Amino acid sequence: MASVVALAGGLPVRATDLSSRLRTATQIIQKQVDSGTLKAAVLEVRCGDVREVSAFGDGIKSDAMFLLGSITKPLTALGLVVLAERRALSFEDYALEYLPELDHGEHRKIKIEHLLVHTSGLPDQLPNNNELRAKHSPLQAFVEGAACVPLLFEPGTSYHYQSMGILLAARIAEKVSGMALPVFLDKEVFAPLGLSRTVLGLGRFAKLDMVPMQTEHAAPEAGAGDPTAKDWDWNSDYWRKLAAPWGGAHSCTGDLHRLLQALMAQKNPILSDESVQRMLQNHTKGLGAHRGIGWMLGNALGHGCSDKAFGHSGSTGTLAWADPETETSFVLLTSLPKNVSGELILKAVSDLISTK
């Protein structure tokens, strides 16, 4: 395990007892490395002027890039917020205005906001998700499927986590900006924020630059148990390059902290305070969920997180959040899928660090 610690004056009160909890957190992670369960991870925690980065696994450096899984969703959402701030679109617009293929049935009622807060009625994945991936289908094939798949409920009336909603929002961003989403995000979000090791798909990087996933532990929807999945699973050339706007971004802990800190700061280089506030407010009140524009909110991220906390997890074994109330930001990226690492590592470490 490699570790880097930086300390400075003026620390929040809770930072004074953070070091002991960080030691326990690293022990939790290292135990799984020693047992052979976990191959690679990087943990970075910041609280005020305290910063600790710990890398785990053979040859893993603190700036290692991991497949983010669904932490990609708020990155995609940021692109839509940028366009909304420029008045290039409104979250109240019907998606049909940009995607004429939605001109049928209840699909006509879907608004851009519904796509970003999981209230569109679209499913998480298409029924033929694995088949599309096995055929190395382009994203347009997923868009066509999402445009005609039956809705689970009338848009805006309920909550259901939906990757396909994020996909359609991404397609709208491409139409409005005139750029492919990976190019738009790199130019208008990642570069202005100084996220030099964040990319949707592979971009200027190579697959060898990324930490391999432990796909033998993946859930069925990610290919576990399918003998053909090596050709389309998380480690395949197809998936790494696809740039799925719901789960195909790569990044490192340092870049994600820059993003989280920028959203907590008074001065944000890409968004006004008003836009940040709108992104981080609860858009699913009364629907049994706590969702901002692209972000999860509250103590679902860690049992000690306040109502002001925002972040996201990923099925690839990732978790990132920030809590303005305690000036803490947390990023844990692993190579072990969430269906194994969730309770074993991600939740245990996050609950420990978020405790007040």
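Here are some notes:
- Length gained on full extension, Asp351 to Met179, computed as 0.36 nm times the residue gap minus the Cα-Cα distance: 58.0 nm.
- Farthest towards the positive end of the charge dipole of the chain, among the residues Pro127, Tyr238, Phe153, is the Cα of Tyr238, using unit charges on the Cβ of Lys, Arg, Asp and Glu.
- Here the dipole of the chain is about 500 debye; that uses its Cα centre as origin and unit charges on the Cβ of Lys and Arg (positive) and Asp and Glu (negative).
- Summary value for the range 229-326: 15 percent relative contact order, contacts being C-alpha pairs under 8 angstrom separated by 6+ residues.
- Remark: the Lys135-Glu101 segment gains 9.9 nm on full extension, using 0.36 nm per residue and subtracting the alpha carbon distance.
- Using a simple spin-label model with pseudo-atoms 7 Å out from Cα toward Cβ, Glu92 and Ser158 lie 2.7 nm apart.
- Residue range of the chain that is longest and free of chymotrypsin sites (Phe, Trp or Tyr not before Pro) which are both DSSP loop and sparsely packed (at most 16 other C-beta within 10 Å): 1-152
- The alpha carbon radius of gyration of the range 144-246, expressed as a multiple of 2.2 N^0.38 Å, is 1.26.
- Estimated dipole of the range 278-356 in Debye, rounded to 20 [Cβ of Lys and Arg +1, of Asp and Glu -1, Cα centre]: 260 debye
- Leading residue at positive end of dipole, the range 279-350 (Cβ point charges), from Ser306, Asn339, Thr326: Asn339
- Karplus-based coupling profile of the range 40-52, in residue order and whole Hz: 7, 6, 9, 10, 9, 10, 10, 9, x, 9, 8, 9, 10, with θ = phi - 60° in 6.51 cos²θ - 1.76 cosθ + 1.60 and x standing for Gly or Pro.
- Cut-off 15 Å (backbone N to label point 7 Å along Cα→Cβ of Ala206), residues of the range 229-255: 237
- Simple spin-label estimate for Asn339 and Glu216 gives 1.6 nm between the two label positions (7 Å along the Cα-to-Cβ direction from each Cα).
- Label-point separation in nm, Glu325 to Gln281, each point 7 Å along Cα→Cβ: 1.9 nm
- Computed over the chain: relative contact order in percent, which uses C-alpha pairs under 8 Å that are six or more apart: 23 percent
Laboratory data are not the source of any read-out in this text; all were calculated from the coordinates shown. Just so we're clear, the structure is a prediction, and the values are computed from it rather than from any experiment. In this analysis, Cβ positions are derived from the backbone assuming ideal geometry, glycine residues included, and neighbour counts consider all displayed protein chains.
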